[in-house]
Amino acid sequence: MAERTWKDKVIAWGDQGLSYQAIISKSRVWHIINKDYDQLKAYIPSSILNKDNIKPIFDHILDSYLDDTQKKVVELVKEIKDKFNENLSVSVIKRIRKELGLIKSLTRYGHSVRMANRAPRIAFCQFHLDKGTMFTAHCFTDESMVQVNSKGRFVFVRRGDAYRRVLPRHKHPACLMIWGGISWNGATPLVIIRRGTKVDGGVYQTMIH
C-alpha cells in the first residue's frame, strides 16, 4: 500500500502485528513527524473540455450545496450543461463533490417557527430573561413516540448482500408515546400512553399531578 499520509503508515504497522504501545514509541513517532509524504494531486476531471471552466464548475457545485444541502446530482448535470456547455456524468460530479470536502451525513431536523411568530417569541423570551423570571409555578412537558419499526436511513452490509439490505416495515407498527415533564420541584414520573388512548385536558392534569 502506498503511504500517502501518516495514517497509512500507522495502518501498515498495525497490519504487521505491532501493538499500540510499539506504534507510539518515540522512534516511530519521530519517523512519522519527519517523513515527507506524497501529496495527493488535485482532482481535475478530464471530461471538462474547456479547462477554463474547471474552477467555475467547482464553485457552482459548492455554492449549490451550500444553498441546498439535498441538491440532486442529476439537477447539477443539467445545470452544468446549460450554463457551461459541459457534459459531466453523475460519477464525475460525485467525485468533484468529494474533492470539495462535501460528505454524506444523516439529516437532522429542528423545530420550524413561522416568520410571523419569531419576533413575538424572541420578545417573550427576552422579557423574561431581563425580568429574571424563575418559572417556579410552571411545568414544562414533552413527549416522544417509540415504535418497533427500524427507522435508520442507512444499513451496513457486505457488497452484493441484497437480502440483508431489506428490512421489514410493518404497516401498523406497535408504538407507545412516552410523556414526561419537569418543573421547579423536579421531574414528573414518565407516563406511557398506548395506541388509542384519548388524551384531553383532564388526562394531562392527572398526569401532571
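The values are calculated or read from the model by the stated rules, or taken from the named source; none is laboratory data. Worth saying up front: this structure is predicted, and the values here are computed from it rather than measured. Positions of Cβ are generated from backbone atoms using ideal geometry, with glycine treated the same way; all protein chains shown enter the neighbour counts.
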(request) Would you be able to tell me the number of residues in segment 35-55 that are within 29 Å of the chain's Cα centre (by Cα) and at pLDDT 90 or above? (result) 3
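Hey, among the residues in segment 113-133 that are assigned to a loop (DSSP other than H, G, I, E, B) and either among the polar types (S, T, N, Q) or at pLDDT below 85 (or both), which one's nearest to the chain's Cα centre (by Cα)?
Step one: filter segment 113-133 for residues assigned to a loop (DSSP other than H, G, I, E, B), giving 113-114, 132-133.
Imposing the further condition that a residue be either among the polar types (S, T, N, Q) or at pLDDT below 85 (or both) reduces the set to 113, 133.
On the way: 113: 21, 133: 36 Å.
Among residues in segment 113-133 that are assigned to a loop (DSSP other than H, G, I, E, B) and either among the polar types (S, T, N, Q) or at pLDDT below 85 (or both), the one nearest to the chain's Cα centre (by Cα) is 113.
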(request) Show the residue pairs that are 6+ apart or on different chains and have beta-carbon atoms under 8 Å apart, the first residue being within segment 87-115 and farther than 18 Å from residue 73 by Cβ, the second being at pLDDT below 75. (result) 106/153; 106/154
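Restricting to segment 74-96, name every residue that is farther than 16 Å from residue 44 by Cβ and surrounded by 17 or more Cβ atoms within 10 Å (Cβ to Cβ).
In the first step, residues of segment 74-96 are kept if they are farther than 16 Å from residue 44 by Cβ; the result is 74-79, 81-83, 85, 87, 90.
Passing the criteria: 76, 77.
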(message) Considering only residues that are basic (Lys, Arg) and in contact (Cβ under 8 Å) with a residue 24 or more places away in the chain, which ones fall in segment 14-67?
(response) 35
(message) So, residue 168, is that one part of a loop (DSSP other than H, G, I, E, B), at pLDDT 85 or above and either surrounded by 14 or more Cβ atoms within 10 Å (Cβ to Cβ) or not acidic (Asp, Glu) (or both) or not?
(response) no
(message) Against the definition (at pLDDT 85 or above, touching a helix residue (DSSP H, G or I) at 6+ places or on another chain (Cβ under 8 Å) and polar (S, T, N, Q)), how does residue 136 come out, yes or no?
(response) no
(request) May I ask you to list the residues in segment 134-147 that are assigned to a loop (DSSP other than H, G, I, E, B) and β-branched (Val, Ile, Thr)? (result) 136
(request) Collect the residues in segment 171-209 that are surrounded by 11 or more Cβ atoms within 10 Å (Cβ to Cβ) and among the small types (Gly, Ala, Ser), keeping them in residue-number order. (result) 174, 180, 181, 183
